[in-house]
Amino acid sequence: MSAAAPTVVAAGRDLFLVRVARRRDEAIDICSFELVDPAGKALPPFSAGSHIDVHTPGGYVRQYSLCNGPADAGRFAIGVLRHSDSRGGSIDMHQNVREGDLLGITGPRNNFPLVPEAQKSILLAGGIGVTPMLSMAEHLSAAGADFWLHYCTRSIERTAFRSWLSAAPYAKRVSFYFDDDPGRKVDLRALLSAPDTGTHLYVCGPTGFLEFVRSAARDLEWEEGCIHFEYFSPAPVDAAGDTDFEVEISSTGRVYRIPAGQSVTTVLARNGIEIPVSCEQGVCGTCLTRVLEGIPDHRDTYQLAEEQARNNQFTPCCSRAKTARLRLDL
Ligand code: FES
């Protein structure tokens, strides 16, 4: 990739350039990339569980968790799974990003922070969901905290960062589980059998894995406030009760009806109003649009909870409305 444009604003946040200092194959279909400032300057600080938005050479915007510990300043390390059902972003990263290339990124942001008061932390990773857990484990280990990392994958060949974890000072606090090894399968119910209010559970992985853990934790009477999830893909939404609503375009006063089952971006595009989109799943923030009146029904995983609570912007690619009409700053 050649040098991209200088700093611009994307989705309301500053986009800046980083250089790919190192690229490495970590497991089948998983690469890691180490990103540094092109001029050798410091990168913005971050906390464990943070992610960055990467603007790929092909124009996709994808979120990747930072793997390195927050104390490991000067670089951002990410791991990228080449999804077989990729909409393009992960394939673009695998095929077109090489050492020395420049990439635009925004962030870091943290939708998945550790709870500082936790007496014990259980980190439960499914596949590529290990990436934020690596940063958490690094941080918790450096802080001398009580934690355990349980890492579940389909097979040892698909287990990224195994050498990192095996050589880490906290290696004894890491357990590996492989679906294809009957002797190394995870027993979630045993792992989660002793909930208590001082123990916090962090879960990241494919949606099916997250839902399985969520259901097991609920059955075992974990308190909701002690369980923390990060979805790589959109959080599951029950759309059964969706109804029509209206959006008003503030610059023209025109009003459009958004039927159940159709997105705001789709309806507006059909009427000649193009809002830039990328993921169309509420993950990347590309479509973020200001809301001047009305209350959105947020269905994105892009905004922080406190940002959603302000109700002054929403992701029209997937979010809907709690009020009969939203007036949009368009
Ligand atoms: S297009 Fe990605 S959040 Fe809407």
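What is the local net charge at K41, summed over the other residues whose Cβ is closer than 15 Å to its Cβ (Lys, Arg +1; Asp, Glu -1)?
Spelling it out: positives minus negatives among the neighbours equals 0.
Mind checking which lysines have their Cα closer than 20 Å to the Cα of K120? Skip sequence neighbours fewer than 8 apart in that chain.
Here the lysines satisfying the reach criterion relative to K120 are K172.
At a 10 angstrom cut-off on C-beta neighbours, averaged per residue, how do the peptides 17-25, 181-189, 284-292 rank from highest to lowest?
284-292, 17-25, 181-189
Please arrange K172, K322, K120 by accessible surface area, largest first, computed with a 1.4 Å probe and ligands excluded.
Ranked list, largest accessible area first: K172, K322, K120.
Magnitude of the Cβ-charge dipole of the chain, K/R +1 and D/E -1, about the Cα centre, nearest 20 debye?
Roughly 540 debye for the chain.
If exposed GluC sites (Glu not before Pro) are those in a DSSP loop with at most 10 other Cβ within 10 Å, what is the longest stretch of the chain that has none?
1-116
Name the aspartates and glutamates eligible as straight-distance cross-link partners of K185: C-alpha to C-alpha under 16 Å, and not fewer than 8 places from it in the same chain.
By straight Cα distance, K185 reaches E157.
Among bridges DSSP assigns within the chain, what percent are antiparallel (round to 5)?
Percentage antiparallel, nearest 5: 60.
Where Lys and Arg each count +1 and Asp and Glu each count -1, what net charge lies around Y256 among other residues with Cβ under 12 Å from its Cβ?
Once positives and negatives cancel, what remains is +2.
Give the accessible surface of the chain per residue, rounded to a whole number of Å², with probe radius 1.4 Å and ligands, DNA and RNA excluded.
46 Å²
Could you work out the local net charge near D196, counting Lys and Arg as +1, Asp and Glu as -1, over the other residues with Cβ closer than 11 Å to its Cβ?
-1
If we sort 37-45, 148-156 on the protection proxy, mean other Cβ atoms within 10 Å, highest first, what's the order?
Per-residue Cβ counts within 10 Å, averaged per peptide and sorted highest first, yield 148-156, 37-45.
Calculated from DSSP H runs of 4 or more alone, at -39500 (n - 2.57) each and per residue, what is the 222 nm mean residue ellipticity of the chain, nearest 500?
That comes out to -4500 deg cm²/dmol.
Along the range 138-143, what does the Karplus equation 6.51 cos²θ - 1.76 cosθ + 1.60 (θ = phi - 60°) give for ³J(HN,Hα), rounded to whole Hz, x for Gly and Pro?
With the stated coefficients, the range 138-143 comes to 4, 5, 5, 5, 5, 7 Hz.
Once label points are set 7 Å from the Cα along Cα→Cβ at both Q95 and A269, what is their separation, rounded to one decimal in nm?
My value for the distance between the label points is 2.1 nm.
The values are calculated or read from the model by the stated rules, or taken from the named source; none is laboratory data. Everything quoted here is computed from the prediction, not taken from an experiment. Backbone-built Cβ (ideal geometry, glycine too); neighbour counts: all protein chains shown. The area values use the complete protein model at the heavy-atom level, side chains included, leaving out ligands, DNA and RNA. Shrake-Rupley method; radii C 1.70, N 1.55, O 1.52, S 1.80 Å.
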